[in-house]
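In what follows, a structure is listed as structure tokens, so that the remarks can point back to it.
The values are calculated or read from the model by the stated rules, or taken from the named source; none is laboratory data. Bear in mind that the values here come from a model prediction, so they are computed numbers and not experimental data. Quick reminder, even Gly has a Cβ in these numbers, built from the backbone with ideal geometry, and neighbours come from all protein chains shown. All accessible areas refer to the heavy atoms of the entire protein, side chains included, with ligands and DNA or RNA removed. Shrake-Rupley method; radii C 1.70, N 1.55, O 1.52, S 1.80 Å.
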Amino acid sequence: MNHFKTLGIVGGMGSYATSQFFEYILNFTEAQKETDHFRILIDNFPQIPNRIQAFNKQGPSPADHISTSINNLAKIGADFVSIPCNAVHYFYHDISEKIKIPWLHMIQMVSLQLKSHYNNPLILGSYITNKAKLYSNYLPDCQYPNATLNNLLDEIITEIKLNKKLTTTQLLRLKKILTKQTGHDSILLACSELTFLTKSELSKDFVFLDSSQLYASAIVNTLKANL
């Protein structure tokens, strides 16, 4: 019998992205039979308070909701927790002091994988990720979008949360803006919703590095190392 560690996932930021992240973990596990997969507990919790409002001091912090979710996952067997949302890591310190199991830090794990191949990626993230420059502590030479691209990214992320796809107009606008961006050696999709760009026509024109896939891969390696 395999003595696998159990992974908890706090999801719902957004729900489609959580589903996709779970699929990535299954794919990276490379199971030869059903029982080779890890036990995974998912709390899809879309009612977590709005992170942007909390960041701008216009609403409650998500820290209590997220820490409660993590501790509930711990009670039913989770040994580690992952949160496939870049932006929520802005609240990492507020949350980590309230939880009972290790939180596998997405920004740190993704950055460690990038460092050996890329020095200054363009970070395509959500409002908080870009405004707080969440990747700068780990990738000091990374770049962030200008105001025009930031506004478009916010629009795209909202569209994907609701409809799991982009309009043709949005894709064309994004392609036009990205073509004008210079000085970076890679493009990191640093929002879990943006993982869907890897399946879009834009993937033919740009090499996207997907933070959700990199995070899932690192988590599988962590779980395997703890057998």
request  = Quick one: which residue in LEU172, LEU178 is over 20 Å from the mean Cα position of the chain (by Cα), open to solvent by 90 Å² or more (accessible area, probe 1.4 Å) and modelled with pLDDT of 90 or more?
outcome  = LEU172
message = Every residue in the range 118-146 that is among the polar types (S, T, N, Q), over 21 Å from ASN56 (Cα atoms) and not in a loop (DSSP other than H, G, I, E, B), please.
response = GLN143
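Being part of a loop (DSSP other than H, G, I, E, B), closer than 19 Å to TRP103 by Cβ and touching a residue at least 12 places away in the same chain (Cβ under 8 Å) is the requirement here; does TYR215 meet it? Reasoning before the result, please.
Details: part of a loop (DSSP other than H, G, I, E, B): no; closer than 19 Å to TRP103 by Cβ: yes; touching a residue at least 12 places away in the same chain (Cβ under 8 Å): yes.
Here the answer is no, as TYR215 does not meet what is asked.
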ask   = Among (1) open to solvent by 30 Å² or more (accessible area, probe 1.4 Å); (2) within 17 Å of ASN226 (Cα to Cα), which single condition is GLU34 missing?
value = (2)
query = What tally of residues in the range 1-31 results from selecting those that are at pLDDT 95 or above, open to solvent by 20 Å² or more (accessible area, probe 1.4 Å) and over 21 Å from ILE70 (Cβ atoms)?
reply = 4
query = What do you reckon, is LEU149 assigned to a helix (DSSP H, G or I), crowded, with 18+ Cβ neighbours inside 10 Å and touching a residue at least 40 places away in the same chain (Cβ under 8 Å)?
reply = no
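So how many residues does the range 99-117 have that are part of a loop (DSSP other than H, G, I, E, B) and either closer than 12 Å to LEU188 by Cβ or modelled with pLDDT under 95 (or both)?
Going through the range 99-117 one residue at a time, the tally reaches 2.
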